[in-house]
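The structure appears below as structure tokens.
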Amino acid sequence: MEEQKKKVILSGIQPTGVFTLGNYLGAVRNWAQMQEDFHSAYMIADLHALTVRQEPADFRKRILSCYALLLACGVDPDKSVVFIQSHVPAHSQLGWVLACNTQFGELSRMTQFKDKAAQHADNINAGLFTYPSLMAADILLYQADLVPVGVDQKQHLELTRDVASRFNGIYGQTFTLPEPYIAKEAKIMSLADPTKKMSKSDPNPNGCITILDEPGAIVKKFKRAVTDSEMEVCYREGKDGINNLMTIYAAVTGLTMEQIAADFAGKGYGDFKAAVGEAVAEHLRPVRERYADLMNNKDYLTECYRKGAEQAANISRRTMEKVYKKVGLLAK
Ligand code: TYM
């Protein structure tokens, strides 16, 4: 029987700090699982992070440590292409061509642009605005079928599809149209304000768990998590805090919502919050240990990201040559 062609996936994460529990459950953990069944490419989106001003020496260190975090989360450079965006020139090259094929009106509608422009009112730069064209380039270069992301990136994916199908319509079939692949844990909420997404920039440090937090700190933050004035551990509309905690607990234990509700029936929120905190701390222990080992082995990390860059350059070059030809640039 003919083997079915494996689908291609690509995703990325910005090196803006240690990954949050949201990044991990909403995206990176699934990348590690998906690499078994797909041709997968994962990248540290360092060029994207330049849309916000970075302190150069600190940024350089963070890019490496985020690369190590990807591996610590189970992304395997022997199974996936794992690279750093700026090491592969085709991303900037296609980003420009796609920026010339994306409309001002389309970019103006992006909610991430509006949010970030409000957060960084002193630095609303052109890169922040054209960010989605570069993200479209990341995806389309690899002819990705699926893009595993959290729900906040869905709008960028829709724009990517619009730009790709417009380009295909004008220049002939060039790009595969990618589908978003949104996990069950697509939106992990802040522990301090469960109506807001968990994010590194949470003004309340208790709202955000990072995957390198010490077990004691994790348990403490969960104990302080905002819930509601009822006394029932059950997944129901209006119980944002408890719903979030149940989603996290289910994700790290494999239990269903019904099992969780049954296990904590008649118990107080205090017991439940402590259990979630302990389960998360235990789940992240091996990630933390692997990360420490990797950071002690910089030669191995360098070898991995160089290999990843070479593999990614080979794949993306093919698309790039096709695009330059289609839009009518003169070959060298
Ligand atoms: P970034 O770096 O903000 O986040 C990386 C991934 O984590 C997901 N995520 C969450 N999921 C669930 N709950 C949360 N609280 C949460 N917070 C973050 C994000 O949805 C994302 O999947 N633009 C992208 C990076 C990027 C990219 C790409 C992604 C650049 N090029 C190409 C896919 C394909 C970003 O800023 O993700």
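The values are calculated or read from the model by the stated rules, or taken from the named source; none is laboratory data. Since the model is a prediction, treat every value here as computed from it, not as a measurement. Glycine also receives a Cβ, built like all others from the backbone with ideal geometry; neighbour counts cover every protein chain displayed. Areas reflect the complete protein model, heavy atoms only, side chains present, ligands, DNA and RNA absent. Shrake-Rupley method; radii C 1.70, N 1.55, O 1.52, S 1.80 Å.
Sort through L146, L134, L157 and tell me the only one that's open to solvent by less than 10 Å² (accessible area, probe 1.4 Å), of a type in the set (A, V, I, L, M, F, W, C) and under 27 Å from V8 (Cβ atoms). Just a single option satisfies the conditions, and that option is L157. Restricting M295, M257 to residues that are touching a residue at least 60 places away in the same chain (Cβ under 8 Å), open to solvent by 20 Å² or more (accessible area, probe 1.4 Å) and more than 28 Å from L134 (Cβ to Cβ) narrows the list to M295. One residue is enough: does the stretch 39-46 have a residue meeting the conditions surrounded by fewer than 20 Cβ atoms within 10 Å (Cβ to Cβ), assigned to a loop (DSSP other than H, G, I, E, B) and free of Cβ contacts under 8 Å to residues at least 60 places away in the same chain? Within the stretch 39-46 (the criterion being surrounded by fewer than 20 Cβ atoms within 10 Å (Cβ to Cβ), assigned to a loop (DSSP other than H, G, I, E, B) and free of Cβ contacts under 8 Å to residues at least 60 places away in the same chain), the answer is no, since none of the residues qualifies. Keeping to the stretch 219-254, report how many residues are out of contact with any strand residue (DSSP E or B) (no Cβ under 6 Å at 6 or more places or on another chain), closer than 16 Å to C208 by Cβ and open to solvent by less than 50 Å² (accessible area, probe 1.4 Å). Residues flagged as out of contact with any strand residue (DSSP E or B) (no Cβ under 6 Å at 6 or more places or on another chain), closer than 16 Å to C208 by Cβ and open to solvent by less than 50 Å² (accessible area, probe 1.4 Å) within the stretch 219-254 amount to 8.
Which members of the stretch 15-38 meet the condition of being under 22 Å from P178 (Cβ atoms), open to solvent by 30 Å² or more (accessible area, probe 1.4 Å) and not in a helix (DSSP H, G or I)? Scanning the stretch 15-38 gives E36, D37, F38. Output yes when any residue across the stretch 73-91 is crowded, with 21+ Cβ neighbours inside 10 Å, over 19 Å from A144 (Cα atoms) and of a type outside the set (G, A, S), and no when none is. Yes, the conditions are met somewhere in the stretch 73-91. Looking across the stretch 154-183 at every residue that is within 14 Å of the ligand (Cβ to nearest atom) and polar (S, T, N, Q), the one that is farthest from F38 (Cα to Cα) is identified as Q155. Please state which one of G26, G12 is near the ligand (Cβ under 9 Å from one of its atoms) and over 22 Å from Y305 (Cα atoms). It is G26.
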